[in-house]
1. Go through (1) under 26 Å from residue 373 (Cβ atoms); (2) surrounded by fewer than 17 Cβ atoms within 10 Å (Cβ to Cβ) one by one and return the number of the condition residue 493 breaks.
2. Hey, does segment 208-224 have a residue that's part of a loop (DSSP other than H, G, I, E, B) and buried (at least 22 other Cβ atoms within 10 Å of the Cβ)?
3. From 311, 243, grab the single residue that is more than 16 Å from the ligand (Cβ to nearest atom) and more than 19 Å from the chain's Cα centre (by Cα).
4. Just to be sure, is residue 191 modelled with pLDDT of 95 or more, within 30 Å of residue 353 (Cβ to Cβ), assigned to a strand (DSSP E or B) and more than 16 Å from the ligand (Cβ to nearest atom)?
5. Which number in (1) within 23 Å of residue 50 (Cα to Cα); (2) touching a strand residue (DSSP E or B) at 6+ places or on another chain (Cβ under 9 Å) marks the one condition that residue 522 misses?
6. Test residue 87 against the stated conditions and say whether it is under 29 Å from residue 32 (Cβ atoms), modelled with pLDDT of 95 or more and assigned to a loop (DSSP other than H, G, I, E, B).
7. Looking at (1) surrounded by fewer than 17 Cβ atoms within 10 Å (Cβ to Cβ); (2) outside the structural domain of residue 36 (by TED's automatic domain parsing); (3) over 30 Å from residue 375 (Cα atoms), which is the only condition residue 524 fails?
8. Can you tell me which residues in segment 496-529 are within 20 Å of residue 408 (Cβ to Cβ) and in a loop (DSSP other than H, G, I, E, B)?
Ligand code: GLC
């Protein structure tokens, strides 16, 4: 694989606030094969006992992350926010939510993570701000046509009195994508575009000030020692609103090819990222990394992973797969083929927007319905529909070994190392996700994977917060204690120990050679060989298959032995004599 061409670099004008610690990793290419652990800060660990996870909580758990063996953490938003969308409604991009800590807490967290050899990636949300952002408040107080309104997408309504929204577009979270405002004189006024919740007004990226401000945000965190950025809704930002107000646009239809969709994946958005790369990311030494969250047609994914742009993009194809060898093989082959020259493949099974894959793999397949959708239907049934949780966990453990055997970077989601299942029975009063709220409960939304982590068996917060602290808004279910980190720590065969062993082994086995060779030996089996002479075999069929003889490096089920049978729903890594140097 070729490496990124060395770009012209400059030392940032502002001196770093956090001097790089001696242990801070300096390699330029760390992100290519990294295992990145996603922290959802508000439900990770609560140090101050207010019921909300915080930055000092993350610092207190660096030992867990180091023992797990991850290369980096990615923090979902920790910025000031009313939490209308779990923090993706950002009031101020260059501050820490006071309930989560201070900038000093942030610096201390970065120092502790760097000292443990763990890099730090932060989420940036460039498509929209929150409706509490100073810019939006200024826009509301300013007249139509003003510069303050120009930072957002304000338009006059249609029909008599402008009472109808400017277009028929629907928001991703349900309802119209337009919200009417009350003008300063108290009269009903213009409408603003919000592709997500009304509390998330879209910015107008044709405005130079909007572009400059995001560059400032990137520099702000890079100066504080952040190693990379996860870019929220990277395929949004640039829009052609006025040319399409008369057209009904399917808001979720991101599969349109050619870069001509009015709202998504427009060709011009790459100019934004080229500027980020040139003016910020590559202006640091080592360069800061970036990974795009871009739900685009697979053929267009590489654009976001261009080394002259963001450099890496999430691939959600494996994430969409059911427990099906053919589907997974296609997702893997596609992911490898679509990799941008100079970038790396990425793999993920779960994140804060999905039903946890441990549960997903136990939900029976439905004709004509994808695995994510089938799992969402299960959640929405309050868990009354059939699901085999043991089977799900068994398969999730096997899927981990498959995922970690693939070339490229792997993104893990907090709690999957405990084998956590989705919490499907969150009571209506505790529901937080706007998808659930705006559908009146018809959809359950994404809360079930965002429940506070269980660290110990200690009642009432399972070690999430201090014993006398406030309870998290979404209560943890009683079964969390038995799967807590403390219960699994040091226990052979536990999911936590499997993750630790797998990450350790992967580090030993991974070379700079990203080749992957399929060994086609049985239906329903994903058998692949990697450089350095090792293989990964995953049995997705319903019958035992023979495991090649050789040295067993790791298995997802402790009962598996080299040369023996690999039962359904298990994976093993094997070093086969004679494979070396082939
Ligand atoms: C991304 C985030 C999701 C959020 C949305 C709007 O898809 O992953 O959690 O709701 O953007 O910011």
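The values are calculated or read from the model by the stated rules, or taken from the named source; none is laboratory data. Bear in mind the structure is a predicted one, so any value in this text is a computation, not a measurement. Glycine gets a Cβ as well: all are built from the backbone with ideal geometry, and neighbour counts include every protein chain shown.
1. So the condition that residue 493 fails would be (1).
2. Start the filter on segment 208-224 by keeping residues that are part of a loop (DSSP other than H, G, I, E, B), which leaves 224.
Next cut, buried (at least 22 other Cβ atoms within 10 Å of the Cβ) only: none.
No, the conditions are met nowhere in segment 208-224.
3. Values: 311 fails: more than 19 Å from the chain's Cα centre (by Cα).
Step by step, each of 311, 243 is checked, and only 243 is more than 16 Å from the ligand (Cβ to nearest atom) and more than 19 Å from the chain's Cα centre (by Cα).
4. Numbers: modelled with pLDDT of 95 or more: yes; within 30 Å of residue 353 (Cβ to Cβ): yes; assigned to a strand (DSSP E or B): yes; more than 16 Å from the ligand (Cβ to nearest atom): yes.
So residue 191 passes the test.
5. Against the list (1) within 23 Å of residue 50 (Cα to Cα); (2) touching a strand residue (DSSP E or B) at 6+ places or on another chain (Cβ under 9 Å), residue 522 comes up short only on (1).
6. Numbers: under 29 Å from residue 32 (Cβ atoms): yes; modelled with pLDDT of 95 or more: yes; assigned to a loop (DSSP other than H, G, I, E, B): yes.
For residue 87, the condition - under 29 Å from residue 32 (Cβ atoms), modelled with pLDDT of 95 or more and assigned to a loop (DSSP other than H, G, I, E, B) - is met.
7. Of (1) surrounded by fewer than 17 Cβ atoms within 10 Å (Cβ to Cβ); (2) outside the structural domain of residue 36 (by TED's automatic domain parsing); (3) over 30 Å from residue 375 (Cα atoms), only one is false for residue 524: (3).
8. If we filter segment 496-529 for residues that are within 20 Å of residue 408 (Cβ to Cβ), which is where we start, we get 499, 502-519, 526-529.
Within segment 496-529, 510, 511, 512, 513, 514, 515, 516, 519 qualify.
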